[in-house]
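Reviewing the structure listed below.
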Amino acid sequence: MRITRVADRHWHALDDDLVVGRGYAEHRPDGRLFVSIDAWHDAAFDRLAEAMSAELPAPLYAVVDEADVALTARWRRAGFRIRRREWEYVIPTDPRATGLEEVLPPPGVTIVPAGQADEGMLRAVDRAVRDEVEATVGWWQSMPAEVLPRSEGDTIVDPSKYAVAAAPDRYLGLIRVVTVRRPRIGLVAVRAGEQRRGIARALLAHALGTLHRSGFATAWAEVQESNQAASALAEGIGAQSVSSNLELVR
């Protein structure tokens with residue numbers, strides 16, 4: 001078996017000129033280098049992992065479905081260890097199921113629907129929230145890996161996907177919902193000084209209610225295992241954990 005680098009960050013495992021495995025590497029927006037391997041059998045996987053690890057700068061990261069025990073074992077054999085776990089939740093949108101039917105924002109706060117937010121104020125609250133998280137647990141250490149391409153320093157890819165909680169002079173929180181094959185809540189965040197006022201629940205009530213009226217019965221979200229507050233918020237509105245992903249590092 002031969003391992004050949006066929007392009008930048010792209011390898012093939014060849015057995016008598018037949019491709020029996022492929023390896024890829026890509027930088028995520030946070031600068032970390034993620035690798036993936038698609039191989040027919042263990043030997044091809046192991047050889048690709050060895051070759052890629054030798055040629056690429058450490059640390060290397062990978063993401064696997066925790067239910068795929070065999071693939072997880074392959075990565076562990078290649079020297080990768082579990083860095084964090086993310087739970088995937090399915091969330092009902094029906095207000096009668098979530099218990100959010102009567103939820104309103106606190107006094108002085110209004111919900112601005114997706115597509116109607118002031119872009120400058122939206123970017124300001126997004127940056128403020130990111131800075132607050134980065135100063136404590138670290139943004140990329142606490143948030144699911146984001147893979148959407150964006151310009152350097154630009155964290156708002158599509159402003160039309162965000163609804164916000166607004167005070168008269170600034171935005172206090174935001175929620176991002178993206179629908180491709182299914183609705184996914186990619187972010188719910190509130191400024192540190194405005195938390196525990198019910199703003200996150202109001203944002204969820206608005207977003208899930210909008211999805212329900214649009215005909216979607218469920219939405220999806222990922223929560224890091226260590227983020228107990230986010231897990232409690234999700235489970236408190238009827239979310240069910242359906243799977244988990246592991247982020248691995250070497």
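The values are calculated or read from the model by the stated rules, or taken from the named source; none is laboratory data. Note that the structure is a prediction, hence the values are computed from the model and not measured. We place every Cβ from the backbone using ideal geometry, glycine too, and count neighbours over all the protein chains shown. Surface accessibility is based on the protein's heavy atoms, side chains included, excluding ligands, DNA and RNA. Shrake-Rupley method; radii C 1.70, N 1.55, O 1.52, S 1.80 Å.
Structure data summary
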quantity	calculated
Count - residues of region 66-89 that are in contact with a helix residue (DSSP H, G or I) (Cβ under 6 Å, 6 or more places away or on another chain) and surrounded by fewer than 14 Cβ atoms within 10 Å (Cβ to Cβ)	0
SER36 being surrounded by 12 or more Cβ atoms within 10 Å (Cβ to Cβ), under 21 Å from GLU247 (Cβ atoms), touching a Lys or Arg at 6+ places or on another chain (Cβ under 7 Å) and among the hydroxyl-bearing types (Ser, Thr, Tyr)	no
Evaluation of ALA43 against (1) surrounded by fewer than 19 Cβ atoms within 10 Å (Cβ to Cβ); (2) outside any strand (DSSP E or B); (3) among the aliphatic types (A, V, I, L, M); (4) touching a strand residue (DSSP E or B) at 6+ places or on another chain (Cβ under 6 Å) (one fails), failing number	(4)
Considering residues of region 215-236 that are at pLDDT below 95 and assigned to a loop (DSSP other than H, G, I, E, B) only, the residue least open to solvent (accessible area, probe 1.4 Å)	ASN227
Among the candidates ALA67, ALA51, residue that is assigned to a helix (DSSP H, G or I), within 30 Å of VAL20 (Cα to Cα) and either touching a strand residue (DSSP E or B) at 6+ places or on another chain (Cβ under 8 Å) or without any contact (Cβ under 8 Å) to a residue 12 or more places away in the chain (or both)	ALA51
Close pairs from region 19-41: first of a type in the set (Asp, Glu), partner assigned to a strand (DSSP E or B), Cβ under 8 Å, at least 6 apart	GLU26/LEU33; GLU26/PHE34; ASP38/GLY21; ASP38/ARG22; ASP38/GLY23
